[in-house]
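The values are calculated or read from the model by the stated rules, or taken from the named source; none is laboratory data. The structure presented is a predicted model; accordingly, all values stated were derived computationally and were not measured. Neighbour counts run over all protein chains shown; Cβ positions are idealised from the backbone, glycine included. Calculation scope for accessible area: heavy atoms of the full protein, side chains included, ligands and nucleic acids excluded. Shrake-Rupley method; radii C 1.70, N 1.55, O 1.52, S 1.80 Å.
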Amino acid sequence: MNLIAAVDSNWGIGKNNQLLVKIPADMKFFRETTTGKVVVMGRKTLESFPNGQPLKNRVNIVLTHDKTYQVKDAVLVYSLEELWKELEKYESENIYVIGGESIYDQLVDACDVAHITKIDYAYNADAHFPNLDERPGWQITQDSEEQTYFDLIYHFYKYEKQQG
């Protein structure tokens with residue numbers, strides 16, 4: 001399974017249920033990487049999308065404890081057990097965990113690849129991604145040239161969990 005996120009220099013991912021910054025090249029990378037795949041998210045992440053609608057051309061799986069929650073064109077699961085059962089239908093390499101904080105925290109140990117856009121700036125975030133630089137077993141296996149968007153500097157990193 002994969003994780004995908006854009007993080008700031010403190011591994012922040014959001015504030016007030018919104019992304020910290022929208023970088024067009026990062027949004028394009030996310031779109032190209034996850035289109036045709038399975039995306040796993042929490043309810044608040046889904047609600048942060050335009051009109052609170054699932055992402056097009058993907059299987060959207062939403063983990064929520066709210067059994068009354070309804071959304072068209074998404075698969076709703078209400079526990080990690082239900083999520084694992086649903087995910088058995090798909091190839092692991094086609095599954096992308098896309099947030100938010102509690103979903104990343106619950107699923108990071110089950111993943112073996114993370115696509116991280118790391119922004120060289122510290123925002124005032126209220127949601128964070130697990131710090132893979134401090135997590136045993138995770139290692140950067142690919143990184144991009146330095147990228148810029150106006151005055152922001154960022155890199156695309158691929159982290160992989162090392163076996164054994």
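For the structure I just gave you, tell me whether Asp126 is touching a Lys or Arg at 6+ places or on another chain (Cβ under 6 Å) and either over 12 Å from Asp8 (Cβ atoms) or in contact (Cβ under 8 Å) with a residue 40 or more places away in the chain (or both). The answer is yes for Asp126.
Restricting region 94-125 to residues that are surrounded by 14 or more Cβ atoms within 10 Å (Cβ to Cβ) and of a type in the set (Asp, Glu) leaves a set whose member that is nearest to Asn2 (Cα to Cα) is Asp112.
Of the residues screened, Leu55 is not one that is in a strand (DSSP E or B) and modelled with pLDDT of 95 or more. Under the condition of being under 16 Å from Gln106 (Cβ atoms) and either surrounded by fewer than 17 Cβ atoms within 10 Å (Cβ to Cβ) or of a type in the set (Asp, Glu) (or both), the residues counted in region 67-93 number 8. Each residue in region 141-164 was checked for being closer than 21 Å to Met1 by Cβ and either in contact with a helix residue (DSSP H, G or I) (Cβ under 9 Å, 6 or more places away or on another chain) or open to solvent by less than 70 Å² (accessible area, probe 1.4 Å) (or both), and 7 pass.
Taking region 3-25, which residues are farther than 20 Å from Lys44 by Cβ and touching a helix residue (DSSP H, G or I) at 6+ places or on another chain (Cβ under 7 Å)? Within region 3-25, no residue meets the criteria.
Tell me which residues, restricted to region 24-54, are out of contact with any Leu (no Cβ under 9 Å at 6 or more places or on another chain), touching a residue at least 12 places away in the same chain (Cβ under 8 Å) and open to solvent by 30 Å² or more (accessible area, probe 1.4 Å). Within region 24-54, Pro24, Ala25, Phe29, Phe30, Gly36, Lys37, Lys44, Glu47 qualify.
Which residues, counting only those in region 2-12, are touching a His at 6+ places or on another chain (Cβ under 6 Å) and in a strand (DSSP E or B)?
Ile4, Gly12
Apart from one condition, Lys158 fits all of (1) in contact (Cβ under 8 Å) with a residue 40 or more places away in the chain; (2) touching a Leu at 6+ places or on another chain (Cβ under 8 Å); (3) within 18 Å of Thr34 (Cα to Cα); the exception is (2).
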